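To keep things clear, I will list the structure first and then write my remarks on it.
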Amino acid sequence: MLTPVSMAYPDVFKSPGVVDLAYLESSSFGRSDFILQAIDVLLDQLPEQVADLNQAFLKGDYALVRLSAHKIKSAAGLLGIEPLRETLRQIEA
């Protein structure tokens, strides 16, 4: 089913099962504006957060690796991106 969110961000929804659109719509009470804003924030901040995580790993700063993973994991959980959230949970552990 095409929704305003899936039409605005078709690449995010390419892989079935990556983003739980039903969870997103349920947790936002169907507010497309909230979903679009949350995705915008994630797409805006994710590159820098991943770069921070990589730099922390390369420096051997594992406390910062955990913190960086936690930040990304929170956003992934909010958006219902379970595969990413689970991977980050493992990194954070």
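Taking the criterion of being open to solvent by 40 Å² or more (accessible area, probe 1.4 Å) and without any contact (Cβ under 8 Å) to a residue 40 or more places away in the chain, the only residue of segment 74-83 that qualifies is SER74. Within segment 16-46, if we keep just the residues that are at pLDDT 80 or above and among the β-branched types (Val, Ile, Thr), the residue that is surrounded by the fewest Cβ atoms within 10 Å (Cβ to Cβ) turns out to be VAL41.
For segment 46-87, the set of residues classified as over 30 Å from LEU36 (Cβ atoms) and assigned to a loop (DSSP other than H, G, I, E, B) consists of GLY60, ASP61, listed by residue number. Selection over segment 29-77 of residues that are at positive phi and aromatic (Phe, Trp, Tyr) gives a count of 1. For beta carbons closer than 8 Å, sequence separation of 6+ or different chains, a first residue in segment 43-63 that is touching a residue at least 12 places away in the same chain (Cβ under 8 Å) and among the charged types (D, E, K, R) and a second that is open to solvent by less than 90 Å² (accessible area, probe 1.4 Å) and in a helix (DSSP H, G or I), the qualifying pairs are ASP52/LEU64; ASP52/SER68.
Only one entry of GLN55, GLN49 meets the criterion of being open to solvent by less than 50 Å² (accessible area, probe 1.4 Å), of a type in the set (S, T, N, Q) and modelled with pLDDT of 85 or more, and that entry is GLN49.
Among the residues of segment 19-73, count how many are under 12 Å from the mean Cα position of the chain (by Cα), farther than 20 Å from GLN90 by Cβ and of a type in the set (Asp, Glu). Residues in segment 19-73 being under 12 Å from the mean Cα position of the chain (by Cα), farther than 20 Å from GLN90 by Cβ and of a type in the set (Asp, Glu): 2 in total.
The values are calculated or read from the model by the stated rules, or taken from the named source; none is laboratory data. Only a predicted model underlies this, so the values are computations on that prediction, with no experimental measurement involved. Counting neighbours? That spans all protein chains shown, and the Cβs are built from the backbone with ideal geometry, glycine included. Just so you know, the surface numbers come from the protein's heavy atoms only, side chains and all, with ligands and any DNA or RNA stripped out. Shrake-Rupley method; radii C 1.70, N 1.55, O 1.52, S 1.80 Å.
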